[in-house]
Every structure is written in structure tokens, then in C-alpha cells.
Amino acid sequence: SRKGSALVREIRDKQSQNKSRQRFWELAGSKLGDILGVEKTAEQIDADTAEVNEEGEVNFKEDAKFAQHMKKGGEAVSDFAKSKSLAEQRQYLPIFSVRDELLQVIRENQIVVVVGETGSGKTTQLTQYLHEDGYTANGIVGCTQPRRVAAMSVAKRVSEEMETELGDKVGYAIRFEDVTGKNTIIKYMTDGVLLRETLKDAELDKYRVIVMDEAHERSLNTDVLFGILKKVVAQRRDFKLIVTSATLNAQKFSDFFGSVPIFHIPGRTFPVKTLYSKSPCEDYVAAAVKQAMAIHVQSPAGDILIFMTGQDEIEAACYSLAERMEQMAASTKDVPKLLILPIYSQLPADLQAKIFQKAEDGARKCIVATNIAETSLTVDGIFYVIDTGYGKMKVYNPRMGMDALQVFPVSQAAANQRAGRAGRTGPGTCYRLYTENAYLNELLPSPVPEIQRTNLGNVVLLLKSLKIENLLDFDFMDPPPQDNILNSMYQLWVLGALSNVGGLTDLGWKMVEFPLDPPLAKMLLMGEQLGCLNEVLTIVSMLSVPSVFFRPKDRAEESDAAREKFFVPESDHLTLLNVFLQWKEHQYRGDWCNDHYLHVKGLRKAREVRSQLLDILKTLKIPLTTCGHDWDVIRKAICSAYFHNAARLKGVGEYVNCRSGMPCHLHPTSALYGLGYTPDYVVYHELVLTTKEYMQCATSVEPQWLAEMGPMFFSVKDSDTSMLEHKKKQKEEKTAMEEEMENLRKAQAEDERRN
Ligand code: CDP
Ligand code: MG
């Protein structure tokens, strides 16, 4: 339905005709086993192929594999890097020329906003300068990143520059993975990790300085941290806060923190010529491919960077580029080589690293990227940028009642940031595949911050636990829309995390302890109440990692058959439990996974997540109960977490969401088909939108459970006597909640009047 899809469809068809995607990767110049010269064992090659072969489940980008790759893959360096030592490279960065002034400003101020072009050295150098200036003598220098990939890759780079093992003096922490140690003085982490640390230690005592990096991205967690760190600064004279931003809306940050100084790193950028499409283009994927080929054939040396929205488009573009190169090579002899390099967050880390590699002499690189290359990753040598004008964003979709990644036009600020990538090494050109009129009149000046467009369940829970009674009082740089807060509060209330007056319940207090989305935390704690915690713990862990089922295109039948052997017909959740238990029974063996078409890395990650969640349960002194073989009770615990995702049967394999009426379908791979009939009621983990709205991971439930545990939503026709009581209770609770919300609204209106 949307632009750009025609070529994606065509390429997809071609790929399925080709049977194996291996061919695509060969064409795209990313031959497996030939990456970074890293030697691979047979098992690894097999697993790697698995990751790229499987449609939609290319997932193991940033875990064990990443760490392993990070140890070995020092060769992925840029052209420039090859000729200079790391120390020399550090001195060449723009930030180096202002090092002393910058440190002086930081000495004199508790909060400083630092602005500099992408690639000027903010992320990799600031932390080291602070270390060199003595701040690590009594505390850690922490640096937050909105993206996991960035936290890991930057920590790796800095550990090399400081000539220390990753995890020693320099480390990183992301959810469920902490690569730091007792020697760590520079710690890169996701903003989510730091946010959770504020729960344990409100004043962040172990940190001497926090660098909030990439603040311009305005991620949800960064926005909440702004308010929290502002308080820390007020309470701790010895604490410093540095906020960095790539673009020029730094004034807003400065104002928020009380007119703090803004330090500009002088840019070393070159002019970029911007060219617009004369008319709106029908198929931006096809147009981008055409433009890239035109540049390659006609324009002087210099690498190309194309911005697309996601994996599908990127793969299609790469495939199509490779195809055209082949055709040209067949007809004319002397076409220079084109190195086609995809990059998106789900791409395996070793393939990601390829974008930094030097192309052989006379060859041109063409990087096809998502907005990950907008600011998080910097590649030198780009002279041409092709901007499709679109990107994916997470937005709360009220119709589905959940966050969904959707394609949107980018903002003007993002478009300019994209164009800027062409002017880092010399004067460049940016081809915008949209009209100048569209740029001026249709694009928003800057992107809408995440806090204003996504579900706030986790944030509300967290702020409530920080004793912020009235969320509308919290010091937000841009307050979220009231409806968002109220919606999220309502969902938490339904889960039993909030009381009728909006305070945390006992259950809510416990839920905060887990780094999990509220529904999964609820499932875990219901497992405790219902005496099946051991089992639910495994299910929650399995749901926290990418799908463990491996389904290569050319062995679809065998892998489907292997998967079916694990089916527990009532439930995809129980099927996951079954997989894990059988793996355990086979001593957690890797070869067993391969034989059964399971991703061993995914299972290992699940095991690791499980043990971390178990540690939290231990500190909470929650005993590990088991239900043995009575698995019905597990389904009840599952049911309790997903009231908002309950669906009623409408036709074969066709359901509607009980509350929203939204149609949803059983996924063809669901274990529920094994029942021989389709159950009347199911709950599901999440909805995925592909050709249809599919329920991902479904479990059949008894309607009485919904009525019993979620009385505010559901009544059941034949549960006669209790029915009236339910209705009454339901009405009372609803009224109480509405009152609470009305009060919030009044308070807000009052605030607005006062301001
Ligand atoms: O944060 P900012 O965009 O200002 O720059 P940075 O990320 O500190 O990058 C400074 C330089 O280090 C750039 O030239 C990057 O290409 C290089 N770098 C790298 O080679 N490998 C990384 N993993 C990160 C940065
Ligand atoms: Mg940076």
C-alpha cells in the first residue's frame, strides 16, 4: 500500500524462486565465512547462515556473538584508520583541538551541553578526557546511549584506544548483559540501564560524571533521565552532567537545566549540494537503486550512503543493485566494482562491521542503511547520500492498543542530518527522492519525541516507585500527552499494579524490580501466587529473546516438522517451555539444537536471562515453586498478564480482540492448530503486522479465567450468580478510576492556569 513496496515485492518473489538467500549475500558482497578474516568452525558457519537465511528472524545481532566478534574483529577499520595509529587518530578528531577549553568549562560548571557534528569525537573522546582530567579518581564516568548497538561498539573502540580489555577499565551494560568489572572507570550503557540504576541508588553515588549522549534522539528513557538527573545535580555538588547533541536544538537542553553553557565543537565539514526530485517518486526503493547506479557509473570516486526504512527494503535494494551490477558486467567489461553493504540493527554484528572496512582500490562502497547511520554510526569517505525521506518510528497505535513500528516521513532536522553525512570527508551531494515542496511543507521541523508517541507503562511504574505521586508534576522537558499517561495508568491498574487511587500496590512494587514489560512481570508474579513460578520463569525468559525456531527457506518442511514435535496443543507459550525443558534434558547441548532446528544462541541467551531473573527473585526472597505436570495452572498465569490481548473466536483461525474488536489471526505456525479445533478464547503475546494481523505466541484460555481475573473487562454469560457481583465490582472500580483520572485532569488544568 505504501510507496516503495513494488520493488520489495518483486525482489522477494525472486528470492523465493532462488530458494536460498545465500545467493543474495554472495551477490551483495557479504560472503559468509569470509568476514574480517575471522576463522569459523563448522558450527558457527551453520549458525551464521541460519541467521541471515531466515526471513524476518535475523536476530542475534548483539549478544554473545557480538562479544566474540568484538574480541577478534579489529581489522574492520576505515581507510584513514589503516594509515594512522589509534593515538594519532584521536588527535585528528575535531574535539581534540578544543580539549583544554572544554575541560575548563566542565571544571567551572556542573552541567554543560556539548554540541558537535557527528563524528567529531564526542562519544569516544569525552569520557577519556574526563578520565585524563582526574574525574575517575573517585567515581565512574558513565555515558548513556539510546541504542544497544552503539553502547557496545563504542565501548569496544574506547577499550582499544585505552589499550585495555573490554570489561576491565572500559565496559558496557545493556539489559541482561553487564560487561563491566571492579576496575571499570568508564562505563557505556543504554539509557534504560541507568534509569533502572536510579531505582537502587537515587543519587547515583558511584558516578562522578554522567554523559548523556545523543540527547537529540530524545528517546523515552533519556527524556525521563533528564528530569531525574536534574535533581541529582541539585543534591550532589560533586556530580557533573554533560549532555551531548548532534544537532542545533541545544538551546532547549540548556534552558531546561537552567541556562547552562553550551559548548560548540568547531565543525570540520564541507558543503553539501542538495538536489531534489522534480516530482514525487512512485517507488522510492527503485528510485534509490537507479540513482545509486547513475552515481556509480557517472560520478567521481566517493562512497554512497542510501537511507531506507528497514530490513526488507534494504535487502531488496541490495539485491537489485547486485543484479544490475551483474548485468552490466556481462555486457560491458570495465565497470568499476561496487561493494554493496547493508546495515540495520538486526544484522549480525560481523556483517555490520563490514561497513567500516576499506574497499579494494578502484572499488566504490554503497552502504544501504536505516536511520542507524543518521547519527549513531559514522563512516568516513561518504560523498553521496541518497535520502528516500522515510524512516521507521515506534508509535502507540490506539486502535491496536500497542506500540507499532510504522513508516513515516522523516523530519527536516533528520533530513539535514542525513545530508550532512556526505560532507565529512569533502564536498558532497545529497539526492533527496522527494520534492523541495514536500521538504518545505510536508516534513515536520524536528521529530516528535518518543515520550509523546509511545506507551508509557514502564515509565509510569518507575516514576510511581520513585514516589512521584502526581505524574503531571514530573519535570518533563516535553510532557507526554495526558491521554498517554492516563491510558498507561489504566493498563497498569488493570494488571493490578496500581490501586484505585493511583498508588503502587504490593504487586506493583514487586513488578518494578524486574527489567521486564509490565505484563511479563505480572505473569511472573502470578506464577508465584499460583505455584508455578519455575515454569513461568522459563516462559518469560523465552519471550525475552528472539524466536528460537530456525526455519530456513530451503528446508521449510523439515524444520516445520521438527517444530511440530515440540507442540503443546493448547499453547505456544507452553510449547516454548517444552522446548526449553527438552533442551535441558539433553544437557543444554548445541548439536541437539541443530538437529531440532533450534537456534542454540537464542536458547543460551534465554538461559542466561532466566538465571538473572532468578537472582532478582532470590533477593526478593520469592521461592521457586513448581506445578510439576499440571500445566493448566500455567495457562492461568499467562492469562492474567494479557487481558488487553484477549481474543474471541470468529471464524476458523480468525479472532477479534475482546476489547477493541480488532481482527487478529492465528499464525500458521501456531501450536493451537494441533488442537484439532480452534478454541473460543485465546490470549496472545503480541500482534505482528505482515500480510495480516497475526497473533504472535497464543494460548487458549477458559472464559471464566478472564471473568475471574479481569472483571473490569469481561463477563461470561453462564457464570450466573457471580456475574452480577462482577458487574457491580467492575462498575465501582471503573468509577473510582475515572474519578482518579478526572482529578488528574483537574490538577493539570490548575497547573496550566497557574503557569
Ligand atoms: O560521537 P561523535 O559522533 O561525535 O563521534 P565518535 O562516535 O566519537 O567518533 C569519532 C571517530 O571514531 C569517528 O571518526 C569514527 O569513525 C571513529 N569510530 C570508529 O572507528 N569505530 C567506532 N566503533 C566508533 C567510532
Ligand atoms: Mg556519538
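We did not get these values from a lab; they are worked out from the coordinates using the rules stated. Small disclaimer: the values here were computed from a predicted structure and weren't measured. Ideal geometry is used to build each Cβ from the backbone, glycine not excepted, and the neighbour counts take in all protein chains shown.
Return the tail of the calculated pair distribution for the stretch 213-344, meaning the percent of Cα-Cα pairs more than 25 Å apart. Here the tail beyond 25 Å accounts for 53 percent of pairs. Footprinting exposure proxy ranking of HIS573, HIS216, HIS667, fewest other C-beta atoms within 10 angstrom first, gives HIS667, HIS216, HIS573.
If you wrap the stretch 322-470 in the convex hull of its Cα atoms and look at it from every side, the mean projected area works out to 13.7 nm². What pairs in LYS84/LYS358; LYS200/LYS618; LYS122/LYS365 have C-alpha atoms more than 24 Å from each other? Violating the 24 Å limit, Cα to Cα: LYS122/LYS365. Projected label points at ASP168 and GLU132, each 7 Å from Cα along the beta carbon direction, are separated by 2.0 nanometres. Of VAL410, VAL501, the sequence from fewest to most neighbouring Cβ atoms within 10 angstrom is VAL501, VAL410. For the stretch 402-459, evaluate the Debye formula with one uniform point scatterer on each Cα (no solvent term) and list log10 I(q)/I(0) at q = 0.16, 0.21 Å⁻¹, rounded to two decimals. Relative scattering, expressed as log10 I(q)/I(0), comes to -0.65, -0.89. Computed from the C-beta positions of LEU275 and LEU440 and an R0 of 22 Å, the FRET efficiency is 0.90 to the nearest 0.05. Placing a label point 7 Å from the Cα of GLN91 along the Cα-to-Cβ direction, the residues of the stretch 261-286 with a backbone N closer than 20 Å are 266, 268. Distances between placed amide hydrogens fall under 5 Å for LEU498 paired with TRP493, THR505, all partners being 5 or more residues away or on another chain. For TYR597, the shell of other residues with beta-carbons less than 9 Å away shows a net charge of 0, using +1 for Lys and Arg and -1 for Asp and Glu. Pull out a ≥ b ≥ c, the square roots of the eigenvalues of the alpha-carbon gyration tensor of the stretch 520-659, then state rounded if a/c is under 1.5, prolate if not and a/b is larger than b/c, and oblate in the remaining case. Oblate, because a/c is 1.5 or more while a/b does not exceed b/c.
A full extension of the chain between GLN251 and ILE616 corresponds to an added length of 127.3 nm, given 0.36 nm per residue minus the alpha carbon distance. The stretch 574-594 and the stretch 600-640 have their alpha-carbon centroids 15 Å apart. Assuming a viscosity of 1.306 mPa s and a temperature of 10 °C, what translational diffusion coefficient in µm² per second does Stokes-Einstein assign to the stretch 148-224, Rh being the Kirkwood radius over Cα pairs? In µm²/s, the coefficient rounds to 123. Applying 1/(1 + (r/R0)^6) with r as the Cβ-Cβ distance of ASN500 and VAL407 and R0 = 30 angstrom yields a FRET efficiency of 0.15. Using the Cβ of GLY181 as centre and a radius below 13 Å, the other residues enclosed give a net charge of 0, where K and R count +1 and D and E count -1.
Near THR699: Cβ cut-off under 9 Å, other residues only, Lys/Arg at +1 and Asp/Glu at -1. The net charge is -1.
Using a cut-off of 30 Å between Cα atoms, the listed pairs LYS156/LYS692; LYS290/LYS392; LYS464/LYS621; LYS182/LYS394 include LYS156/LYS692; LYS182/LYS394 as exceeding that distance. Here the stretch 597-616 is scanned for amide nitrogen atoms under 19 Å from the site 7 Å beyond the Cα of GLN582 along Cα-to-Cβ, giving 597-607.
On the principal axes of its alpha carbon atoms, the stretch 467-553 extends 49, 38, 18 Å, with the longest extent given first. Each part reduced to its alpha carbon centroid, the stretch 255-321 and the stretch 99-149 end up 29 Å apart. Quick note on the stretch 246-314: its Rg to Rh ratio, both from C-alpha atoms and Rh being the Kirkwood radius, is 1.15.
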